[in-house]
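No value in this document is a laboratory result; all are computed from the given coordinates. Everything numeric here is computed off the predicted structure, so don't read it as measured data.
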């Protein structure tokens, strides 16, 4: 359980006043603020610095001005919601990274459900280019900004659910199980995703941020904006421009001690990617 002092600091990071009793309106406001202000980012993996997925450690990362990927973001968000009186459950999920990958919950994702005002909600601040607001946990199609999302019973996980991403999204979908999960369920996948050279996170630096109108994404040296007008991209090949985007678009201010090493790795990967396009 987070202390009142930590909760207040977390809420200041989100720019949200301390709510009263748990409400759906409050849940939505907290979810929107988290995905707007706490970016999905894999920069610690690029710097080869291991992290834990303990919620308290993830909260400290956020209070220090950083983000993380699903285990950090949803772990911290669930701790905040619990401290504010919401009933939250963890679920083993599996992001289907491409159409050729089998669907199912392989524990590469932590999904959340929240019970509030007599209804269950699918809340997920850790999908990068996914939800801006929670979805009711019932079958349907839901529009958020430029994206259409689907939610339906999972064919791969009996009793579970399937989130279908918009065709513009970075992955086809995600399945999650009905049963409640614990942190131990995700440790093996976290170690692989954050430590294996074969992990997609090791290959390309990734920073994403949702807002009401769309998505900002920095993958390697390419900054992309997706909204109702379409998609536009800018190549950032000067370190000053790249770090300016980190700060101006995603709110990340990295220490000078990390910048040179990070840039060399990111730019080398960008040049390698360019060679594959020749």
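Over region 199-272, what is the relative contact order in whole percent, taking alpha-carbon pairs under 8 Å and six or more residues apart?
25 percent
Please report how far the C-alpha centroid of region 165-212 lies from that of region 38-115, rounded to the nearest whole angstrom.
8 Å
Can you give the direction-averaged projected area of the convex hull of the alpha-carbon atoms in region 199-272, in nm²?
If you wrap the Cα atoms of region 199-272 in a convex hull and average its projections, you get 5.3 nm².
Pairs of alpha-carbon atoms within less than 8 angstrom and 6+ residues apart define the contacts here; what relative contact order does region 1-102 have, in percent?
Details: 84 pairs, mean separation 32.1, N = 102.
Averaging sequence separation for qualifying contacts and normalising by length gives 31 percent for region 1-102.
For the chain, what does -39500 (n - 2.57) per DSSP helix run (n ≥ 4), summed and divided by total residues, give at 222 nm, in deg cm²/dmol to the nearest 500?
After summing the helix terms and dividing by the residues of the chain, the value is -11000 deg cm²/dmol.
Once both axes come from the Cα atoms, what is the angle between helix 4-14 and the longest principal axis of the chain, in degrees from 0 to 90, rounded to 10?
60 degrees
Relative to the present Cα-Cα distance, how much length would full extension add between residue 256 and residue 21 at 0.36 nm per residue of separation?
Here the segment from residue 256 to residue 21 would lengthen by 80.4 nm.
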